[in-house]
């Protein structure tokens, strides 16, 4: 059995795990993401790898990273909550530091790969994974491989323009209207509340208590999600569409989206479109990062 050091790098924490080649967790923990800069980041990763090497022979390092990851060259384009990772060749630096093979992939793409390997999309070749959070991201998977796109923006579904495009140059994007962050912002504005006092869970709790204004805003939120999903189905026509992100843990969310999609079926829009919930939660990026490594080796 081969073993790997796997990392999920986020803005506030680095989740890390010792995993075997079939995706099983041997150990799992987390540390705060260093804010001092790249040198400290590399030192932290290297020290954690060395801890694993005291227990098992490590065959490689797999990382889930924010930003537009160039998996071929090893650097990260775009921007994220960790500015110092953008620009330097993370792959080359870590390989030189550790002496091990290193592979890295975008975090949303890792979440999608996890589902295709041993999750909700393991039985299909083509699918998309939509991650709903502060914004909307995701993964576009064709023949079990991530479609990165020419500008490394494949799967960045949240940039789709959804409304108000006649009245302003760019209009309102799907992230600005259909993400959990958007629901919180719009609800806070409607109720005259401080957005920092709300989150997606609290908004749905208010709805469960019968608040009509909140229920009306959630109804718009569901419709906007359904419209974006319908557009993606007709543009890409995948075998499956999966929903992820913390809000997907609401048991009724997928059902309500599917009800709305069913209502949108017409003589013109004839496809029977349904979404499913992603199988993995906080572990998805780790599982997908490992699968990405295995795919490349």
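The values are calculated or read from the model by the stated rules, or taken from the named source; none is laboratory data. Not measured: the values here are computed from a predicted model. Here the Cβ positions follow ideal geometry from the backbone for every residue, glycine too, while neighbour counts run over all protein chains shown.
Listed values, structure above:
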item	result
Count of the stretch 148-176 residues which are more than 19 Å from the chain's Cα centre (by Cα) and either touching a residue at least 12 places away in the same chain (Cβ under 8 Å) or in a helix (DSSP H, G or I) (or both)	3
Residue within the stretch 108-123 that is part of a strand (DSSP E or B) and either at pLDDT below 95 or touching a strand residue (DSSP E or B) at 6+ places or on another chain (Cβ under 8 Å) (or both) present	no
Qualifying residue in the stretch 208-215 (condition: farther than 26 Å from residue 124 by Cβ and buried (at least 19 other Cβ atoms within 10 Å of the Cβ))	yes
Residues of the stretch 56-71 satisfying the condition of being at pLDDT below 95 and in a loop (DSSP other than H, G, I, E, B)	66, 67
Any hit, the stretch 10-20, residues being in contact with a strand residue (DSSP E or B) (Cβ under 8 Å, 6 or more places away or on another chain) and more than 16 Å from residue 290 (Cβ to Cβ)	yes
Subset of the stretch 177-200 (residues that are touching a residue at least 12 places away in the same chain (Cβ under 8 Å) and in a helix (DSSP H, G or I))	177, 178, 180, 181, 182, 183, 184, 186, 187, 190, 191, 200
Criterion violated by residue 128 - all others in (1) in contact with a helix residue (DSSP H, G or I) (Cβ under 9 Å, 6 or more places away or on another chain); (2) within 22 Å of residue 239 (Cα to Cα); (3) part of a loop (DSSP other than H, G, I, E, B) satisfied	(3)
Selection count, the stretch 242-294, where residues are in contact (Cβ under 8 Å) with a residue 40 or more places away in the chain, surrounded by 17 or more Cβ atoms within 10 Å (Cβ to Cβ) and part of a helix (DSSP H, G or I)	13
